[in-house]
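A short write-up of the structure that comes next.
Throughout, read-outs are computed from the coordinates displayed, never taken from laboratory work. These numbers were taken from a predicted model, which means no experiment stands behind them. Cβ coordinates were reconstructed from backbone atoms using ideal geometry, including for glycine residues, and neighbour counts include every protein chain displayed.
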Amino acid sequence: MSSSEVLGIGQEAGAVDGEGDRLLLARLRRGEPEAFEVLVREHQDRVYDFCVRMLGDREEASDLVQEIFVSIHQNVGKFREDSKLSTWIFRISKNQCINRLKYLKRRGRGRSEEYGEVGEDALMNAMGAPPGPDAALESARERARVQWAISQLEPDARMLVALRDIEGLSYEEIIEITELAEGTVKSRLHRAREKLADLLGRLEE
């Protein structure tokens, strides 16, 4: 399996349509508890996947997702509807992830420097890999390698790879989330992909 297949490059992720967003927001602003449950169900998996890619730790990601949805609940009244609801949610998730990474760095929990230091079994467990058969095991190994390589990127590069190549967001959405110029997004993403390819190439040597 190629790294492109593992990353899901070119796969556009689903999103709630504009009318669905407006109806859901109206219900949220009326304070309907069921509306928030719908919001969580529709977005929690993508937010969790993004946090895992950014933090490289499923437990930390799970804790952070809860904090992200608390923040969404508290701030939904401030959403100006100048972007898709999913884009706004990713913007909050991005900010929370960056803050958590800074916190973890201060605590001395930085990136792993060597693939071998982590251990393949630990990586596969971190990625939630199912046991056998052989094809599933190899797929799990590949996902573990890719996740390790992503974890070696700087946070900004990691974020762009996660948003574009894994979540399948458009450049327009990424620009709204990151507040970066289009040229900056594209050049940084290009460098991130080159770095990722280099890291994966070293693992195969």
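A few comments on the model shown:
- Here, the stretch 138-205 has an Rg and a Dmax of 12.6, 39 Å when only alpha carbons are counted.
- Reducing the stretch 21-86 and the stretch 179-205 to their Cα centroids gives an inter-centroid distance of 28 Å.
- Whichever lysines have a C-alpha closer than 22 Å to that of residue 105, once near sequence neighbours (fewer than 8 apart) are set aside: 94, 195
- Packing around the peptides 153-160, 188-195, taken as the average count of other Cβ atoms within 10 Å per residue, puts them in this order, highest first: 153-160, 188-195.
- Computed on the stretch 42-102, with alpha-carbon pairs under 8 angstrom and 6+ residues apart, the relative contact order is 40 percent.
- Along its principal axes, the stretch 29-78 has C-alpha extents of 37, 18, 14 angstrom, given from the largest down.
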